[in-house]
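So the structure is just underneath, and the comments pick up after that.
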Amino acid sequence: MGEFVRNCRLCKEPMESSPFMMCPTCLIEGDRVRSFIRKHPLVSVEEISMSTNVDMEKVKNMVKLGLNNKHENKILK
């Protein structure tokens, strides 16, 4: 049976079979963004992007996907 290939839930790039829904890069960036938001809960998407070096569109997608449900409403303000 061949390798199962799917697209990363966040960046949509093809990734190898994994128990995770996101590629390794997006998992790391997601952790970085969550950590930053925990320390600075009322920051804007722009600040998150600049401070974590994660593309602003990717941060917005993280919010849409609910990767940080607790702070989702605060980020969008």
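If the condition is being open to solvent by less than 90 Å² (accessible area, probe 1.4 Å), assigned to a loop (DSSP other than H, G, I, E, B) and modelled with pLDDT of 90 or more, then the range 41-65 contributes 43, 44, 54.
The set of residues in the range 18-40 that are within 21 Å of residue 6 (Cβ to Cβ), open to solvent by less than 40 Å² (accessible area, probe 1.4 Å) and outside any loop (DSSP other than H, G, I, E, B) comprises 26, 29, 30. For the range 1-17, a tally of residues being exposed (fewer than 15 other Cβ atoms within 10 Å of the Cβ) and in a loop (DSSP other than H, G, I, E, B) returns 9.
The values are calculated or read from the model by the stated rules, or taken from the named source; none is laboratory data. Bear in mind that the values here come from a model prediction, so they are computed numbers and not experimental data. No Cβ is skipped: glycine too gets one built from the backbone with ideal geometry, and neighbour counts run over all protein chains shown. Surface areas here come from the heavy atoms of the whole protein model, side chains and all, with no ligands, DNA or RNA. Shrake-Rupley method; radii C 1.70, N 1.55, O 1.52, S 1.80 Å.
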